Amino acid sequence: MSRSVSHWLRSTGVTLGALMTLAFGVSRLQPLLSSELHSIKDTDDVYPFPPPPVLRLATLGYVAATTDVLWGKLLVENGQHWGEHRPFGDLEHYLDAIVELDPTFRPFYEYVDSLLCYRPMNGHEPDAWEARAYLERGTRELPNDAEIWTKYGQFVAFMGPSYLASDADRQAWKRDGAFALNHAVELGADVTLGIAASTMLDSRLGEHDAVIRFLERAYAITDDEGKRQEIAGHLARRHATAANDQAREALQVIESRWRLHFPFVDRGTFLLVGPGPDPLRCVGVAATLEPACSRHWDPLLAVGGSR
């Protein structure tokens with residue numbers, strides 16, 4: 001009996017010794033292996049998707065859903081790289097895939113400049129050029145979107161030039177950005193953006209005539225009387241009083257016709273509809289030659305218009 005007990009004790013001791021040895025080995029090796037694995041993941045990212053043309057086929061028609069998944073994964077990966085303070089080498093792969101799948105994906109154009117120029121770890125001049133190319137594509141894909149034009153104009157005029165080494169490139173970018181902001185205003189953006197862009201064009205870049213043309217258009221399209229007065233002041237300071245008077249007169253003609261004939265629609269719709277000549281006054285062939293009976297704005301505004 002005692003021999004059995006002593007045998008059991010010996011075997012148990014051996015087993016416990018082996019387990020303790022294994023536990024000690026794991027405790028020593030696990031941190032080393034974990035650190036090595038983490039360093040491998042830090043330096044060797046794996047982009048898990050095929051090239052953009054193949055990826056479109058692989059979606060099996062679920063393009064919008066795949067675009068959303070890619071966009072979400074891009075934001076997560078970008079955040080992880082920022083948190084780990086390491087470069088995000090696959091950023092362009094994600095961007096190219098998303099814009100290939102859905103070139104009208106608006107969130108892409110809202111954030112692509114920040115993703116490229118504020119990338120881990122810091123953007124450089126090529127990133128600014130790349131961001132501009134993506135934003136220019138946005139203006140082509142969504143040509144009537146005032147927000148996309150505003151985003152493009154703000155980046156090219158204000159943010160992008162800080163990354164450029166050449167003074168000539170910086171001046172060219174500011175000029176292009178200011179014109180883009182003016183175009184955004186014409187599409188419906190806040191007219192204040194256009195006033196700021198016009199100030200930059202005139203004071204820094206010498207585009208005096210272009211500024212006057214824009215301010216005349218801005219005066220005609222805004223409904224805010226305070227902003228009209230501000231624009232009139234800018235025109236007056238640029239010695240464009242005659243042009244300002246013409247714009248004011250044209251605006252009065254348009255608004256008088258608008259409120260007389262179509263007060264139930266917005267002014268933009270009325271401008272598309274046309275002047276709306278008086279049917280009683282404009283009866284007959286001879287009357288069609290009168291400017292006041294024209295169905296187009298140019299002849300009417302040339303003579304000041306009448307009811």
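We did not get these values from a lab; they are worked out from the coordinates using the rules stated. Keep in mind that what you see is a predicted model, and the values were worked out from it rather than measured. Cβ placement follows ideal geometry from the backbone for every residue including glycine, while neighbour counts extend to all protein chains displayed.
A compact table of results
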| read-out | value |
| --- | --- |
| Around Pro51: net Lys/Arg minus Asp/Glu count, Cβ-Cβ under 14 Å | -3 |
| For Phe88, residues with placed amide H under 5 Å, excluding near neighbours | Met121 |
| Fraction in percent of alpha-carbon pairs per bin - 5 Å, region 49-168 | 2, 11, 21, 20, 21, 15, 7, 2, 1, 0 |
| FRET E, pair Leu22, Leu75, Förster distance 45 Å, beta-carbon r, rounded to 0.05 | 0.60 |
| Karplus-derived HN-Hα couplings along region 61-76 (A = 6.51, B = -1.76, C = 1.60, θ = phi - 60°), whole Hz, x at Gly and Pro | x, 8, 5, 4, 5, 5, 4, 4, 5, 4, 5, x, 5, 4, 5, 5 |
| Among 19-25, 258-264, 110-116, 147-153, the order from most to least packed when residues are scored by Cβ within 10 Å on average | 147-153, 110-116, 258-264, 19-25 |
| Calculated over region 65-130: convex hull of Cα atoms, volume per residue (Å³) | 75 Å³ |
| Rough spin-label spacing in nm, given labels placed 7 Å along Cα→Cβ, for Asp169 and Thr59 | 3.3 nm |
